[in-house]
Amino acid sequence: MEKCDLIYEVSFDPLYRYSQFYTLITSFFSIFPLIYLVYFKLRRSTFNENIKFLYMLYFSQILISVLNNVIVFFHHVLIPFIAVSKCDLLVVPMKNRIFQSIGVFGISCPMLTILGISVERLLALIFARCYEHVRLHIGVLIGFIAILIDVIIIFLFFRNERFDQPSISYFMVPDTSGFKMNILCWTLLSANALNLIFNYFLIKVNTVLKEKWRNNSLSTRFQMEENIITTKFSTFISFLHVFFFSLYLAFTLFIRLLGPNFLTTQAELMSVRGVYITIPTYNLIIGVASCVMLRHLRAMKVAKVHAEVTIKYSGLEGSRNHDEAIFNVWKAQSATFK
């Protein structure tokens, strides 16, 4: 009964209650840009099939996380309106196990997949001269390994967790798994921060090699241009991911360490700990921002191609181009009549 009284206080705390509405609304509206991005932008893009598959996999994993959030927070928003007793506000252990596992997958698997994207972009750089002929197998293999590793991590993470007690929230990891959750989150954040730096240097290397291989085959030059564009896009989404995940962990650490100093009751402390808005905000922003970024990168690519293939017809250079074109025509005609 004591726990039921606590959950009642937490559920109707204004900060906690309004944050649930915010998370539900942002998660619901995140669905549409993510679907548009995956189905209309990435699926129809001209990227190599391997990187296209990995991008679609990454954003599909975020979409799974978003759908899980919609279900979970719809439950949290609705139940206080229809609960008959205070204990009705508690989350059933079996449901908690299922949705919490999906929630951990939705947070951790995209971070592993984006590491796999960097590996695929490195392979695209190493084998730039022949990568256009490489089939989809590499992307599928990297995606499968990322998912497999994440499933193993989640299994080991919850292996000894019994979930035998009703919980206040789907997103409050049991105390017995709290330490492991901290290790997982900080490890993934560190790996993705290093990956962000690696992507930055990968852009620089691709840019240098593109100029160095300027006289190589057209397919090689096209591959190098694609490497630069896709690596810039990967760096962009990696930066956003690291930024928002850092905010999430910093806020969590701040409340864990300093919260007891200014939050006087257990209900107040749990209310603030239960606020989950950083990752849902990222999920909303990343879909819209990625569509805008892809459009920007495509416009840059078109402008570069146009600048390289367009023949100038004005000024001194235009005069030379005109004379050279006429000379080539006369040369071709003379060869025909010989």
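Can you match semi-axes √(5λ) of the Cα gyration tensor in Å to one of these, (i) 53, 20, 17; (ii) 32, 26, 18; (iii) 61, 20, 15, based on a calculation from the structure here?
Calculated semi-axes √(5λ) of the Cα gyration tensor in Å: the matching label is (i).
Could I get the Rg over Rh figure for segment 28-82? Both from C-alpha atoms, Rh via Kirkwood, rounded to two places.
Here Rg/Rh amounts to 1.19.
For a quick check: sort VAL242, VAL292 by the number of other beta carbons within 10 angstrom, fewest at the front.
VAL292, VAL242
Strictly under 4.7 angstrom between C-beta atoms: which cysteines of the chain have no such partner?
CYS109, CYS130, CYS185, CYS291
Sum -39500 (n - 2.57) across every DSSP H segment of at least 4 residues in the chain, then divide by the residue count to get the 222 nm mean residue ellipticity, nearest 500.
-28500 deg cm²/dmol
Could you tell me whether segment 1-105 comes out rounded, prolate or oblate from its Cα gyration tensor? Rule is a ≥ b ≥ c as square roots of the eigenvalues, rounded for a/c under 1.5, then prolate if a/b exceeds b/c, otherwise oblate.
The shape class here is prolate.
Expressed as a rounded percentage, what relative contact order does the chain have, with Cα pairs under 8 Å and six or more residues apart?
25
Please sort through the DSSP H helices of the chain and keep those with an alpha-carbon extent of at least 20 Å along the long axis and a Kyte-Doolittle average not below 1.0.
Helices meeting the criterion: 49-82, 93-126, 137-158.
Say the dipole of the chain comes from +1 at the beta carbon of Lys and Arg and -1 at that of Asp and Glu; which of ILE255, ILE107, LEU54 then lies farthest toward its positive end?
Working it through, the farthest residue towards the positive pole turns out to be LEU54.
Does segment 205-288 classify as rounded, prolate or oblate by the C-alpha gyration tensor (a ≥ b ≥ c root eigenvalues; a/c under 1.5 gives rounded; else a/b over b/c gives prolate, otherwise oblate)?
Prolate, since a/c reaches 1.5 and a/b exceeds b/c.
Classify segment 18-169 as rounded, prolate or oblate, taking a ≥ b ≥ c as the square roots of the eigenvalues of its Cα gyration tensor: rounded when a/c is under 1.5, otherwise prolate if a/b is larger than b/c and oblate if not.
It is oblate, given that a/c is not under 1.5 and a/b is not larger than b/c.
Just how large is the dipole of segment 130-251 about the Cα centre, in debye to the nearest 20, putting +1 at every Lys and Arg Cβ and -1 at every Asp and Glu Cβ?
440
Select from VAL84, VAL140, VAL275 the residue whose mean-square fluctuation is largest in a Gaussian network model of the chain (Cα-Cα springs shorter than 10 Å).
In this elastic network of the chain, the residue with the biggest mean-square fluctuation among VAL84, VAL140, VAL275 is VAL84.
Would you mind checking LYS52/LYS204; LYS41/LYS212; LYS52/LYS232; LYS41/LYS95; LYS52/LYS210; LYS52/LYS95 for any pair whose Cα atoms are more than 25 angstrom apart?
Beyond 25 Å: LYS41/LYS212; LYS41/LYS95; LYS52/LYS95.
Determine, for each peptide in 152-158, 259-265, 228-234, the mean count of other beta carbons within 10 angstrom over its residues, then list the peptides with the highest first.
In decreasing order of mean packing, 152-158, 259-265, 228-234 become 228-234, 152-158, 259-265.
Once each part is reduced to its C-alpha centroid, what is the distance from segment 81-103 to segment 1-54 in angstrom?
The two parts, judged by their Cα centres, are 18 Å apart.
No lab work stands behind these numbers, since they all come straight from the coordinates. This is a predicted model, so every value here is computed, not measured. Don't worry about glycine lacking a Cβ; one is built from the backbone with ideal geometry, like all the others, and counts go over all protein chains shown.
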